[in-house]
Amino acid sequence: MRHISYTSMANELTQDEFSGILAHARQANEERQICGAIAFDGRMITQILQGPATEVDELYLRIQSDRRHTGVVLQSRADIDASQFEGFGLTRMTPSDLFMIAMTIEERYGAGDSSAVPLFGRVS
């Protein structure tokens, strides 16, 4: 099972537009057995994706080319034992709640690929 987290900057995306995108993503992700969490503060998007490795990697490639946001930065990519979001689909969280979960996942599994930067920097 693969875990990927990333951040990006939305291109003039309203909360209503984001909610519509989220509804579509939930359905598409369920079909691919992908679950996770997402946060949107009006400008920055942070997302955790978990599921079958091939499906998650392919989705991340599509996300990178999506013109609705820019500056997609991989925060972590790792193989995990089990999803922390199984049964929840794609859940929307506050940025602070998502940050805490992401830190817990990174502490357990590491950032993974050397191309991934430490999630949100290190907190002292």
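Computed from the coordinates by the stated procedures, all read-outs in this text should not be read as laboratory data. All values derive from a computational prediction rather than experimental measurement. Neighbour counts run over all protein chains shown; Cβ positions are idealised from the backbone, glycine included.
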The stretch 1-77: GluC sites (Glu not before Pro) in DSSP loop, at most 11 other beta carbons within 10 Å: Glu12
Low-density loop positions, trypsin sites (Lys or Arg not before Pro), the stretch 1-63 - DSSP coil, at most 10 other Cβ in 10 Å: none
Sites Glu17 and Asp81, calculated FRET efficiency, Cβ-Cβ separation with R0 41 Å, nearest 0.05: 0.70
Net charge contributed by nearby residues that have their C-beta within less than 14 Å of Glu30 (K/R +1, D/E -1): -1
Pairwise label distance in nanometres, Glu55 with Val72, each label 7 Å out on the Cα-Cβ vector: 1.8
GNM top mover of Ala53, Ala37, Ala28 - the chain, alpha-carbon springs below 10 Å: Ala28
Ala28 paired with Met9, simple spin-label distance in nm, labels 7 Å along Cα-to-beta-carbon: 2.3
Amide H contacts under 5 Å for Arg2, placed H, 5+ residues apart: Gly51, Ala53, Ile80
Under-5 Å amide H pairs with Thr91, H placed in peptide plane, nonlocal only: Gly36, Ala37, Ile38
